[in-house]
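A quick write-up on the structure given underneath.
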Amino acid sequence: MVREDSSRGRDIRSPTVGLSARLRLRAAVGRAGPSAAGCPGGCRRRPVSSRSSAMLALCWAVVGCRPLWKPILLLSPVPLPAGGRPVPFSTTCVRCSKNRRLRQKRIISERKLTRYFVDQRKVRVVGGQGGGGKHSFYSEPRKIFGGPDGGNGGDGGHVILKADQQMKSLSSVLPFYQGFHGERGGIKNCYGANGAYLYVKVPVGTLVKEDGKVVADLTQHGEEYVAAYGGAGGKGNRFFLSNENRSPTTFTPGEPGQERVLHLELKTTAHAGLVGFPNAGKSSLLRAISRARPAVAAYPFTTLNPHVGIVNYQDYEQVAVADIPGLIKGAHQNRGLGMAFLRHIERCRFLLYVVDLSVSQPWIQLEDLKYELEQYQKGLSERPCVVIGNKIDLAQSRINLPLLKEHIADRVIALSALTGDNLEELLFCLRELYDAYVKTEQSRGESPVKW
């Protein structure tokens, strides 16, 4: 389809009409910079602003087509600012400018999260093999007996486990690792290069076991443990030179690296642990006091993996709270997934017992929880704690609250994770427990765990 000029009635694509004007305009477009096919946001829309609509109409009328354009600063009708430089036009349409936001973390369902969260892993590690020694004799014109000059081989690389606070699961740990081999020795007494160390990142709180015995406990960020040592490099024939043997031909190969089978076990490291029966409201409470987003539903065992939320205070202190999946009676006997859940409570410095106040006799829940913890590990139920009476927004909960305080001696905080009632008291109490833990660790001469 051929467009015509409304004023003259002639084809504006004709080479005889406005040729010099077209050339000057296209030269200006070329000086403006590389052209863009459309909006940088990818919507293929032409970014046309109100200030540049008149200029674009003139450009299209002169050139005769819709060009691939960049904002032309020389033809801008906008008055120059105080600095003297013209303001460029926007090259993004409104639709794409609103969509230019930071990518948020992809929301993963609890069932898919189970695939990613792994707290146990069996790993076979083998150190790198040492490089072999070199067998050679020095050769030079007019020098018959140069002597041996074979260098030693390089040592094999180690396999090292390194705790990294960015790692939250053992899912990225492979079942087999082998260190880098050392290089072979060279002539002229050149030693082979040592094999590089192979670092395997594991989460903080990883327990390393071999044949059922604990060999390492990585509880600090950056802590390392040599899982397998590399083999020593072989000796070249230069090493065997002696007064009795002036021309040794003996050389040794590199030694193989150490081979081990290790069991990695992750125990969640947090300051506080939410302990309770299923459907007590632990996940809802963690969502209310932190930015963690565990799954919440009306059926039991919604949470299948531990979740850690961070409670921030105005003095920039951070308290880590772990949501432990619900326990059942007989959890210490590995009923259900009891052992897998109880393992994550060992690292918690103080405990938050979450009790459902809407059930009859809620103090029995607390007794059962403490019994399961004590049977799993002696002294675990004696750690500093506070009892949280959840679902205070229900009528039956307000009736059971004074009865609960009569039967137990621990501090009770009644709140509602759904409506947010009395969450401030929990945050103050959480900070008191954290400060007491910090003072206790400092009095022992140890550094408290910082998240």
Looking only at the stretch 133-161, count every residue that is under 11 Å from Glu183 (Cα atoms), in contact with a Phe, Trp or Tyr (Cβ under 7 Å, 6 or more places away or on another chain) and open to solvent by 10 Å² or more (accessible area, probe 1.4 Å) and tell me the total. 2
Complete set of residues in the stretch 281-321 that are of a type in the set (A, V, I, L, M, F, W, C), touching a strand residue (DSSP E or B) at 6+ places or on another chain (Cβ under 8 Å) and at pLDDT below 85: Ala292, Val308
Can you spot a residue in the stretch 417-427 that is hydroxyl-bearing (Ser, Thr, Tyr), in contact with an Asp or Glu (Cβ under 8 Å, 6 or more places away or on another chain) and open to solvent by less than 50 Å² (accessible area, probe 1.4 Å)? no
If we keep just the residues of the stretch 268-283 that are open to solvent by 20 Å² or more (accessible area, probe 1.4 Å) and in contact (Cβ under 8 Å) with a residue 60 or more places away in the chain, which is nearest to Glu367 (Cα to Cα)? Phe277
Looking only at the stretch 428-451, and only at residues there that are hydrophobic (A, V, I, L, M, F, W, C) and modelled with pLDDT of 90 or more, the one that is most open to solvent (accessible area, probe 1.4 Å): Phe428
Can we say Leu170 is over 17 Å from Thr249 (Cβ atoms), open to solvent by less than 70 Å² (accessible area, probe 1.4 Å) and assigned to a loop (DSSP other than H, G, I, E, B)? yes
Here the qualifying pairs (Cβ atoms under 9 Å; residues six or more apart or on different chains; first in the stretch 400-422 and on the phi > 0 side of the Ramachandran plot; second surrounded by 12 or more Cβ atoms within 10 Å (Cβ to Cβ) and assigned to a loop (DSSP other than H, G, I, E, B)) come out as Asn422/Ile392; Asn422/Leu415; Asn422/Ser416
Within the stretch 332-345, is there a residue that is on the phi < 0 side of the Ramachandran plot and at pLDDT 80 or above? yes
Any hit, the stretch 388-410, residues being in a loop (DSSP other than H, G, I, E, B), of a type outside the set (A, V, I, L, M) and touching a Leu at 6+ places or on another chain (Cβ under 6 Å): yes
Return a yes/no flag: does the stretch 232-251 have any residue that is closer than 30 Å to Thr268 by Cβ and open to solvent by 10 Å² or more (accessible area, probe 1.4 Å). no
Only residues that are at pLDDT 90 or above and in a strand (DSSP E or B): list them for the stretch 218-271, please. Leu218, Glu224, Tyr225, Val226, Ala227, Ala228, Glu259, Arg260, Val261, Leu262, His263, Leu264
Checked the stretch 195-208 for anything at pLDDT 90 or above, buried (at least 21 other Cβ atoms within 10 Å of the Cβ) and not in a strand (DSSP E or B); matches are Gly195
Restricting to the stretch 373-403, and then to whatever is small (Gly, Ala, Ser) and out of contact with any Lys or Arg (no Cβ under 8 Å at 6 or more places or on another chain), can you tell me which residue is least open to solvent (accessible area, probe 1.4 Å)? Gly389
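The values are calculated or read from the model by the stated rules, or taken from the named source; none is laboratory data. Since we're looking at a predicted model, the values are computed, not measured. Neighbour counts run over all protein chains shown; Cβ positions are idealised from the backbone, glycine included. Ligands, DNA and RNA are excluded from the accessible area calculation, which covers all protein heavy atoms including side chains. Shrake-Rupley method; radii C 1.70, N 1.55, O 1.52, S 1.80 Å.
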